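This report refers to the structure that appears directly beneath it.
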Amino acid sequence: MRWPFNGSDCLLKGYSICFTCSRFGACFFKAWGHRIIYAFRLVPKQSLTLILILSKIMKVLLSALILSMALSPLFAADVFPKSPSPKGARAYIISPRNGATVKSPVRVRFGLVGMGVAPAGVDIPDTGHHHLIIDTKDLPNLDAPLPASDKLKHFGKGQTEAKIELAPGKHTLRLVLGDKIHLPHSPAVISKEITITVE
């Protein structure tokens, strides 16, 4: 049996079939910003519901596993060795200025001194990519890869600015640099927190 699926006509909504042959296929999906692939044996179309359920269960389990690893300092210390940051390295927010009144979407420009910017997955000494912490009093666990969320935005393509949708009112912004696996450096490169008001 052969199913000529591709990403546009895959019956598993939210997933894309990478390839199929007479017996096997493979699915891609994203969990925590990372692409995950797994292979499965092709079965009659009547079993699509079962495949969909199993796919969703696997995505939830993988996300839970990544979360548990990120929240475990002991696991992080053993498995995730930190990249060193050079002396004097610092991150800062170029704009908006602390105390500024702005309109949404807010254009945030990222500054970095003493290090270079490189996309996630690229292993070059003294480089990293930005993460923007929004309206969060406490810093995330700096001993584990930073988990992406609405309050902690990843810029793993090496972006140095972004437009952020924010509701009217006061907001706080802060940058944290992450290495090739989103892990903060040692010592961590963190900007000062700024407060802005959105009209």
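The values are calculated or read from the model by the stated rules, or taken from the named source; none is laboratory data. All figures in this text were calculated on a predicted structure; none of them were measured in a lab. Don't worry about glycine lacking a Cβ; one is built from the backbone with ideal geometry, like all the others, and counts go over all protein chains shown. Surface areas here come from the heavy atoms of the whole protein model, side chains and all, with no ligands, DNA or RNA. Shrake-Rupley method; radii C 1.70, N 1.55, O 1.52, S 1.80 Å.
Just give me the residues in segment 101-146 being closer than 21 Å to residue 81 by Cβ, of a type in the set (S, T, N, Q) and in a loop (DSSP other than H, G, I, E, B), in sequence order.
The one that is closer than 21 Å to residue 81 by Cβ, of a type in the set (S, T, N, Q) and in a loop (DSSP other than H, G, I, E, B): 141.
Out of the residues in segment 53-110 that are of a type in the set (Phe, Trp, Tyr) and over 25 Å from residue 192 (Cβ atoms), state the one that is modelled with the lowest pLDDT.
So, considering only residues that are of a type in the set (Phe, Trp, Tyr) and over 25 Å from residue 192 (Cβ atoms), the one modelled with the lowest pLDDT is 75.
I'm checking my understanding of the structure. Among residues of segment 106-118 that are out of contact with any Gly (no Cβ under 9 Å at 6 or more places or on another chain) and crowded, with 20+ Cβ neighbours inside 10 Å, which one is farthest from residue 179 (Cα to Cα)?
Per the criteria, the residue is 108.
Given the criteria crowded, with 17+ Cβ neighbours inside 10 Å, in contact with a strand residue (DSSP E or B) (Cβ under 6 Å, 6 or more places away or on another chain), of a type in the set (A, V, I, L, M) and not in a loop (DSSP other than H, G, I, E, B), does residue 94 qualify?
Here the answer is no, as residue 94 does not meet what is asked.
For residues that are more than 17 Å from residue 90 (Cα to Cα), out of contact with any Ser or Thr (no Cβ under 6 Å at 6 or more places or on another chain) and polar (S, T, N, Q), tally how many sit in segment 149-189.
Residues flagged as more than 17 Å from residue 90 (Cα to Cα), out of contact with any Ser or Thr (no Cβ under 6 Å at 6 or more places or on another chain) and polar (S, T, N, Q) within segment 149-189 amount to 1.
Just one of the numbered conditions (1) in a loop (DSSP other than H, G, I, E, B); (2) within 16 Å of residue 81 (Cα to Cα) is not true of residue 149; which one?
For residue 149, the failing item is (2).
Could you figure out which of (1) open to solvent by 30 Å² or more (accessible area, probe 1.4 Å); (2) modelled with pLDDT of 75 or more; (3) at negative phi isn't true of residue 121?
Of (1) open to solvent by 30 Å² or more (accessible area, probe 1.4 Å); (2) modelled with pLDDT of 75 or more; (3) at negative phi, only one is false for residue 121: (3).
What's the total number of residues in segment 125-151 that are in contact (Cβ under 8 Å) with a residue 12 or more places away in the chain, more than 21 Å from residue 197 (Cβ to Cβ) and surrounded by fewer than 17 Cβ atoms within 10 Å (Cβ to Cβ)?
Of the residues in that region, 5 qualify.
Identify all residues within segment 183-199 that are assigned to a loop (DSSP other than H, G, I, E, B) and either among the basic types (Lys, Arg) or surrounded by 14 or more Cβ atoms within 10 Å (Cβ to Cβ) (or both); write none if there are none.
Correct list: 183, 185, 188, 189, 191, 192, 193.
For segment 159-177, give me each residue that is within 15 Å of the chain's Cα centre (by Cα) and either more than 21 Å from residue 121 (Cβ to Cβ) or open to solvent by 20 Å² or more (accessible area, probe 1.4 Å) (or both).
Residue satisfying the conditions is 159 alone.
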